[in-house]
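Trainee: Right, I'll just put the structure down here and ask away after.
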Amino acid sequence: MTNLEILKHCRLFELLSDEELDRVLDLVEEHHFRKGDYICREGAWGDSMYIIGSGEVKIVKKLTTESNWEITSLRHGDFFGEVSLIDGSPRTAGAYAIANAIVLEIFGRDFKMLISADNELSNKMLESLLRVLINRIRATDDVVTQIMTEKLAGESQEAASMRDVMSRMMVGR
């Protein structure tokens, strides 16, 4: 499978024409990972995102020094690391190959240059990115709701205070 075909299978690029995809293709770096190799580590500085071309990648978050939460497994066409791509913040989770993998990487400086050079391309990319981020926020809301429902059943006083805390976190107060 070519890198162009990989990009065509990624939701982030679904609105782009072949010509626009060629422009993105010029920016990607191809990496090969063996089973067990870390692609990125939680807490490490990041300014790039990754698109999976082949293989399988596990996204993990540290819960304690001895345990991890296996958030999800990603495959061909999936992508991760987009938060660091935008804000250059430390990685919020780690990612490692659970099968040999080919992964494309796009750096933040190149992404920002690409979207600042062409308004039409920028609008398409940002629309796709916003759709994905909104879907991820909705999925997170569902998880938080399920956890709060299970944890706080019958604890109405604590439930009210936890809801207040979660609300403040969500709106950034």
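Trainee: Name the one entry in Arg91, Arg109 that is surrounded by fewer than 16 Cβ atoms within 10 Å (Cβ to Cβ) and at pLDDT 90 or above.
Mentor: Details: Arg91 fails: surrounded by fewer than 16 Cβ atoms within 10 Å (Cβ to Cβ).
Every option except Arg109 fails the conditions.
Trainee: Output the residues belonging to the range 63-102 that are over 20 Å from Gly36 (Cα atoms) and of a type in the set (Ser, Thr, Tyr).
Mentor: Across the range 63-102, the qualifying residues are Thr64, Ser84, Ser89.
Trainee: I'd like the full set of residues that are under 24 Å from Glu82 (Cα atoms) and of a type in the set (Lys, Arg), limited to the range 137-151.
Mentor: Answer for the range 137-151, where residues must be under 24 Å from Glu82 (Cα atoms) and of a type in the set (Lys, Arg): just Arg138.
Trainee: With respect to Leu104, determine if the residue is without any contact (Cβ under 8 Å) to a residue 60 or more places away in the chain and under 17 Å from the mean Cα position of the chain (by Cα). Steps first, answer last, please.
Mentor: Values: without any contact (Cβ under 8 Å) to a residue 60 or more places away in the chain: no; under 17 Å from the mean Cα position of the chain (by Cα): yes.
Spelling it out, it is not the case that Leu104 is without any contact (Cβ under 8 Å) to a residue 60 or more places away in the chain and under 17 Å from the mean Cα position of the chain (by Cα).
Trainee: Conditions first: (1) assigned to a helix (DSSP H, G or I); (2) under 18 Å from Cys10 (Cα atoms). Ile137 passes all but one, so which condition is the exception?
Mentor: (2)
Trainee: Also: Restricting attention to the range 38-77, and to residues there that are over 21 Å from Leu129 (Cα atoms) and polar (S, T, N, Q), which single residue is surrounded by the fewest Cβ atoms within 10 Å (Cβ to Cβ)?
Mentor: Among them, the one singled out is Thr65.
The values are calculated or read from the model by the stated rules, or taken from the named source; none is laboratory data. From a predicted model like this one, the values you see are computed outputs, not experimental measurements. For neighbour counting, all protein chains shown are included, and Cβ atoms are generated from backbone atoms with ideal geometry for every residue, glycine included.
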